[in-house]
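Beneath this line is the structure, given in structure tokens, with notes to follow.
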Amino acid sequence: MLRASTLLVLFALACGATHGPAGVGELPDVAGPWSEQRLPRVVVPLDDAPARGAEHPLVTMVVFTDLECRYCQGMAPVIAQLLASHPDELRVHYRHLPLPFHEHAMELAMAVEEARAQLGDRGFWAMHDRIFERPTELTERALVEHARILGLDVGRFAEAIRFQSHASRVEDDLTVA
């Protein structure tokens, strides 16, 4: 059940883990040790983070992710299913978390940000989805081909990747993370 004013923050920091969680389940709707803990509330600023889903959601999910991470790629269909199952209740905001040991992570972040610069959030999500659907096509050449297919100005796109034109945006997300 989704409740109003809930903020769910999902940090995709599982990269490099040898295995995922042992099982998925729900906390029982009874008192337990977790109900007695007073944890500090963390508010993640949404700033101008790209988003999709309900305009006035009951639940906002902020996803910090690395576009080269196979665990993050595995999480994307789950989030898509949640959005499809709760179209009037869920909104997902994207924040960058390119990990230093992923060779193409920063280039991929530049690619989605340049797609957003040219086509708005629609461009961001189109490039995001193409990257996650084609995890072996991560070179600059492959990204330029994605840009061409999406109708972007490929010269401007390639330049944005090469010169990391959107690095400050990614750095802002890293600071928040």
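Which order do you get for ARG70, ARG156, ARG95, ARG52 if you rank them by accessible area with a 1.4 Å probe, largest at the top?
The most accessible residue leads, giving ARG70, ARG156, ARG52, ARG95.
Percent of alpha carbon pairs in segment 93-177 separated by more than 22 Å?
In whole percent, the share of Cα-Cα pairs in segment 93-177 beyond 22 Å is 15.
How much length, in nm to one decimal, is gained on full extension between HIS86 and GLU133, taken as 0.36 nm per residue of separation minus their Cα-Cα distance?
14.7 nm
Residue by residue through segment 45-51, which ³J(HN,Hα) values in whole Hz follow from phi under the Karplus form 6.51 cos²θ - 1.76 cosθ + 1.60 (θ = phi - 60°), with glycine and proline marked x?
x, 8, 6, 10, 5, x, 9
Which GluC sites (Glu not before Pro) in segment 100-134 sit in a loop by DSSP (not H, G, I, E or B) and have at most 14 other Cβ atoms within 10 Å of their own Cβ?
Sites meeting the loop and neighbour criteria: GLU103.
Taking θ = phi - 60°, what integer Hz values does the Karplus form 6.51 cos²θ - 1.76 cosθ + 1.60 yield along segment 93-98, in sequence order, with x for Gly and Pro?
With coefficients 6.51, -1.76 and 1.60, one gets 10, 9, 10, 7, 8, x Hz.
Could you give me the ³J(HN,Hα) list for segment 157-165, computed from phi with Karplus coefficients 6.51, -1.76, 1.60 and θ = phi - 60°, whole Hz, x at Gly and Pro?
Per residue, the Karplus-derived 3J(HN,Hα) values read 4, 4, 5, 4, 6, 4, 9, 6, 4 Hz.
Percent of accessible area on segment 61-177 owned by carbon and sulfur, 1.4 Å probe?
Result for segment 61-177: 51 percent of the exposed heavy-atom area is carbon or sulfur.
The values are calculated or read from the model by the stated rules, or taken from the named source; none is laboratory data. The structure presented is a predicted model; accordingly, all values stated were derived computationally and were not measured. Cβ: placed from backbone, ideal geometry, glycine included. Neighbour counts: every protein chain shown. For the accessible areas, the whole protein counts, side chains as well, though only heavy atoms, and no ligand, DNA or RNA atoms are used. Shrake-Rupley method; radii C 1.70, N 1.55, O 1.52, S 1.80 Å.
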